[in-house]
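Working notes, structure below.
The values are calculated or read from the model by the stated rules, or taken from the named source; none is laboratory data. If you're wondering where the values come from, they're calculated on a predicted model, not measured in any experiment. Every residue, glycine as well, gets a Cβ built from its backbone with ideal geometry; the counts of neighbours run over all protein chains shown. These accessible areas exclude ligands, DNA and RNA; they are computed on the full protein's heavy atoms, side chains included. Shrake-Rupley method; radii C 1.70, N 1.55, O 1.52, S 1.80 Å.
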Amino acid sequence: MKKGDKVRFLNEKGGGIITGFSGKDIVLVEDQDGFEIPFRMNEVVVIESNSYGSDRLAALTMKPIITDKGETIINTNQRSIKSMLKEGQDDTPFNMADGDERFDILDDTREVTFHAPIEEREGGNLLTAYVAFVPSNPTLPVDTTFDVYLVNDCNYFLQLIYMIGENNSWTLVYQGELAPNTKNFVTTLGYANLNELSHLAIQGIAYKREKNFLVKPMFSAHIKFEAVKFYKQSTFQSNDFFESPALLYGIIVNDEPKRVLQVDVAQLAKEMQSKPHDNMKVVPTKMDSAQRGDEPVVIDLHIDALLDNTQGMTSKDILDYQLQVFKDTLEAYRKHRGKKIIFIHGKGEGVLRRALINALNYQYKKFTYQDASFCEYGYGATQITIH
């Protein structure tokens, strides 16, 4: 084999012209699309040898003959050097600047058969994938939109199905393949779309191509969609996948599917306590040595203490969020009998207090409640004792 030889591929369709060599057994072949592709020598076969080099060498080594007219010729075909140099000069000239048609026509119908090999990273053989929500504006004004991505953070190909649901009715939004260590855009949502959602489900399978791999079980993740979290800036955090802050829900992490994702109550309570009122004592929700006595846990349910931004939220949205914080806190301390929790709800029109009392009477009947100390918490607080 040598440069200029025309070859055909043995293991796939197509062929091309040899443009060079790499190492002892690698030949570089330029296909009809102009791509230079490396092949092993035993994977190609020469179908047309380039004789230009040998013919030219032979011509140069042959003894020239001088004619009676003074022309120099090669004795193989009796052609003069002058005539060979002029060969082709009588053809119709072309002008690239004028858009010669021979250079304007591009065959873009041919399928590109070359694919770069997949690069795997160390530690990437445990399945890990996320669904990510990236706000268009990190300050979350009312016109903010959220780009939704699926993130594949492992060495496997993932075939994923993304569905949204309400009650028992589901709608397919996206179905596709994610290459290893990549992310795919799914859709864009606005605040109005978020309020219509209740659940998100993602199902998937994992595999590798052109190499052996361990079979992974099919996985399915059901996410309880909490739209109210999208009104809080601290919800969106810096991450390894996007340049801007994003909210990431785990679909599967280190081969462990995340079937149902709830609010992290401890973290939520910590965030709630980041803006305490001056007249209240704030105690972390995690039980430490200082809390094991009679010191109560204090939770402020005023919406400005819970959320950084309430733009676009209705009165019902705000009330629902306050009730959810109330219930999540009670659930977090359900096993701590005798524990006292102070909820500061304010006086106002009494709507929030009535909602709390209603939940206590019907959902938490074993718990007792009373007005909290007026001296310490004013007239808008309720004390609950866990039993």
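The figures follow:
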| quantity | calculated |
| --- | --- |
| Hits in segment 235-276 (condition: among the hydroxyl-bearing types (Ser, Thr, Tyr) and either modelled with pLDDT under 90 or open to solvent by less than 50 Å² (accessible area, probe 1.4 Å) (or both)) | Thr235, Ser244, Tyr249, Ser274 |
| Failed item, numbered, when Phe9 is tested on (1) in contact with a Gly (Cβ under 6 Å, 6 or more places away or on another chain); (2) more than 24 Å from Thr109 (Cβ to Cβ) | (2) |
| Residue ID - surrounded by the fewest Cβ atoms within 10 Å (Cβ to Cβ), chosen from residues in segment 214-234 that are of a type in the set (Gly, Ala, Ser) and closer than 23 Å to Pro138 by Cα | Ser234 |
| Residue match in segment 199-218 (condition: aromatic (Phe, Trp, Tyr), in contact (Cβ under 8 Å) with a residue 24 or more places away in the chain and touching a Gly at 6+ places or on another chain (Cβ under 9 Å)) | no |
| So Leu214, is it assigned to a loop (DSSP other than H, G, I, E, B), under 22 Å from Gly250 (Cβ atoms) and at pLDDT 90 or above | yes |
| Residue in segment 179-199 that is over 16 Å from the mean Cα position of the chain (by Cα), on the phi < 0 side of the Ramachandran plot, in a loop (DSSP other than H, G, I, E, B) and of a type in the set (D, E, K, R) present | no |
| Subset of segment 20-32 [modelled with pLDDT under 85 and under 15 Å from Arg8 (Cα atoms)] | Asp31, Gln32 |
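Residues checked against (1) among the β-branched types (Val, Ile, Thr); (2) modelled with pLDDT of 90 or more:
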site	(1), (2)
Arg337	no, no
Ile341	yes, yes
Gly350	no, no
Arg353	no, no
Leu356	no, yes
Tyr369	no, yes
Ala372	no, no
